[in-house]
Amino acid sequence: MTTLSDQLHLHPEQLSAYWMPFTANRQFKQAPRLLARADGMWYWTDDGRQVLDGFAGMWCCNAGHNRKPIVEAIQKQAGILDFAPPFQMAHPLAFDLANRIKAIAPEGLDHVFFCNSGSEAVDTALKIALAWHRIRGEGTRTRFIGRERGYHGVGFGGISVGGMVANRKMFGNMLGNVDHLPHTLNLSQNAFSRGEPKWGDHLADELERLVTLHDASNIAAVIVEPVAGSTGVLPPPQNYLKRLRDITRKHGILLVFDEVITGFGRLGQAFAAQHFGVTPDMITFAKGVTSGTVPMGGVIASSEIHDAFMVGPPHMVEFFHGYTYSAHPLACASGIATLQLYEDDGLFGRAREMSSYFEDALHSLRDAKHVIDVRNLGLMGAVELAPREGMPTARAFDAFLKAFDKGVLIRTTGDIIALSPALIVEKEHIDRIVTTIRDVLATVE
Ligand code: PXG
């Protein structure tokens, strides 16, 4: 069979032109895994194999692939307005999308700043926090508090507040003024928890310790993922986020929820903030806003933050920040169509409905070979494996390769299998994903 790679002349010596992100380039190029098209819950490889997508692309295609209303909106927009300068100019779709996001955001979070990725969203939120304190005459508040095992993208700000060692090792902590809360995963207390674990909300009190150490007058913001995603799905202990909210409020520290993964329905509500009943001062988003179709990210800020910027001479730029592609017309068109589709198909509610089936199915892997923990919340799930002796990550990666051969796309991080099916997932898809994982684990060393 002539594959797409043959047609494109993708022979081994030509593969090196593409320096792939977060990929073992040399290993990958020995045996490339190429995707050619997608529809609904499925991918097709370039040699025509059908693969069930257990990961919504990369936590992003929440509406499923190739959804007609989204595709048509992008196609149509490309022929109407390809680009509009976003500085001192605008186009109507940007306002439309901002209002739609405001309408589904937690009450009080009313202003949307657009960018193009989660990493940019995080850096934008950090800059808003610094500027906000400064405008209000509290310019000493420059320290950020992140959390161990947090992932906030790959900008210098994001890796500094992030807690992924591999990302920090090489580039240090360029932001400098950063400290970290402890992460909340504790298998001896919480292994095989369903949903939010019972043990661990006291870990939020570590923030009090950091406030005592640095003094509140030096701390700008705390940034956490409501459910840590990239480092292996860590649902917060019950009441933990409420405690963080109380402590940040008490000390005048902003609270940022990084909802790049949890936003747009993954937990059965528009945002995790609503699932947990905790409203932060800012939410960062990306991925699901366009269901992964066109790059877009952004920050939703409270009126209290936004309004503090809207002072001074009205002809002056209030916030010196923005991107060429902020509120790009194609991204806005996709975002509007995507949010409409979420609503028309009731997809957030679907995620809520499917989450208990997903939970039961996932926890049936408790007795599968190598499994030391299963965790889940909404349509986020993780199966943690015991690492192979002396070779961390190898076992999970073998499982990933074998599952792909068996026609199921999963994601691994460390020795953890992570799952985040699109919100259109059916029970039989969940069964197939779980059965495949069970079979694969029985055969990996
Ligand atoms: N914040 C969070 C919480 C994220 O999950 C980012 C920021 C950065 O977004 P961009 O768009 O700059 O990549 C992310 C991204 C994985 C995986 O497999 C997760 C992400 C990206 C790629 C892979 O867990 N999350």
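The values are calculated or read from the model by the stated rules, or taken from the named source; none is laboratory data. Everything numeric here is computed off the predicted structure, so don't read it as measured data. FYI the Cβ positions are ideal-geometry reconstructions off the backbone, even for glycines, and counts take in every protein chain you see.
Can you tell me which condition Thr262 does not meet? The list is (1) under 22 Å from the mean Cα position of the chain (by Cα); (2) of a type in the set (S, T, N, Q); (3) away from the ligand (no atom under 13 Å from the Cβ), and all the others hold.
(3)
Among the candidates Leu401, Leu419, Leu365, which residue alone is crowded, with 23+ Cβ neighbours inside 10 Å, under 25 Å from the mean Cα position of the chain (by Cα) and not β-branched (Val, Ile, Thr)?
Values: Leu401 fails: crowded, with 23+ Cβ neighbours inside 10 Å; Leu365 fails: crowded, with 23+ Cβ neighbours inside 10 Å.
Answer to the selection: Leu419.
Tell me, which helices (runs of 4 or more DSSP H) lie completely within the stretch 65-177 with 2 or more residues that are surrounded by 21 or more Cβ atoms within 10 Å (Cβ to Cβ)?
Values: elements: 68-80, 92-104, 118-135, 156-161, 165-169.
Helices (runs of 4 or more DSSP H) meeting the threshold: 68-80, 92-104, 118-135, 156-161.
Only residues that are under 23 Å from Asp345 (Cα atoms) and touching a residue at least 40 places away in the same chain (Cβ under 8 Å): list them for the stretch 424-445, please.
Residues satisfying the conditions are Ile424, Val425, Glu426, Lys427, His429, Ile430, Asp431.
Looking only at the stretch 146-165, decide whether some residue is assigned by TED's automatic domain parsing to the domain that holds Pro329, away from the ligand (no atom under 14 Å from the Cβ) and in contact (Cβ under 8 Å) with a residue 60 or more places away in the chain.
No; the residues of the stretch 146-165 include none that is assigned by TED's automatic domain parsing to the domain that holds Pro329, away from the ligand (no atom under 14 Å from the Cβ) and in contact (Cβ under 8 Å) with a residue 60 or more places away in the chain.
Working only within the stretch 204-227, note down all residues that are surrounded by 17 or more Cβ atoms within 10 Å (Cβ to Cβ) and either assigned by TED's automatic domain parsing to the domain that holds Arg375 or more than 16 Å from Gln274 (Cα to Cα) (or both).
Ala204, Glu206, Leu207, Leu210, Val211, Ala216, Ile219, Ala220, Ala221, Val222, Ile223 - these are the residues of the stretch 204-227 that are surrounded by 17 or more Cβ atoms within 10 Å (Cβ to Cβ) and either assigned by TED's automatic domain parsing to the domain that holds Arg375 or more than 16 Å from Gln274 (Cα to Cα) (or both).
Answer yes if at least one residue in the stretch 1-18 is more than 16 Å from the ligand (Cβ to nearest atom), closer than 30 Å to Glu428 by Cβ, modelled with pLDDT of 95 or more and in a helix (DSSP H, G or I), and no otherwise.
Among the residues of the stretch 1-18, not one is more than 16 Å from the ligand (Cβ to nearest atom), closer than 30 Å to Glu428 by Cβ, modelled with pLDDT of 95 or more and in a helix (DSSP H, G or I), which makes the answer no.
Given the options Ala220, Ala204, name the one that is away from the ligand (no atom under 16 Å from the Cβ) and part of a strand (DSSP E or B).
Result: Ala220 is the single residue among Ala220, Ala204 that is away from the ligand (no atom under 16 Å from the Cβ) and part of a strand (DSSP E or B).
Give the residues of the stretch 91-130 that are away from the ligand (no atom under 16 Å from the Cβ) and of a type in the set (Val, Ile, Thr), sorted by residue number.
Ile101, Ile104, Val112
Pick out the one residue from Pro314, Pro236, Pro295 that is away from the ligand (no atom under 16 Å from the Cβ) and part of a loop (DSSP other than H, G, I, E, B).
Testing whether each residue is away from the ligand (no atom under 16 Å from the Cβ) and part of a loop (DSSP other than H, G, I, E, B) leaves just Pro314.
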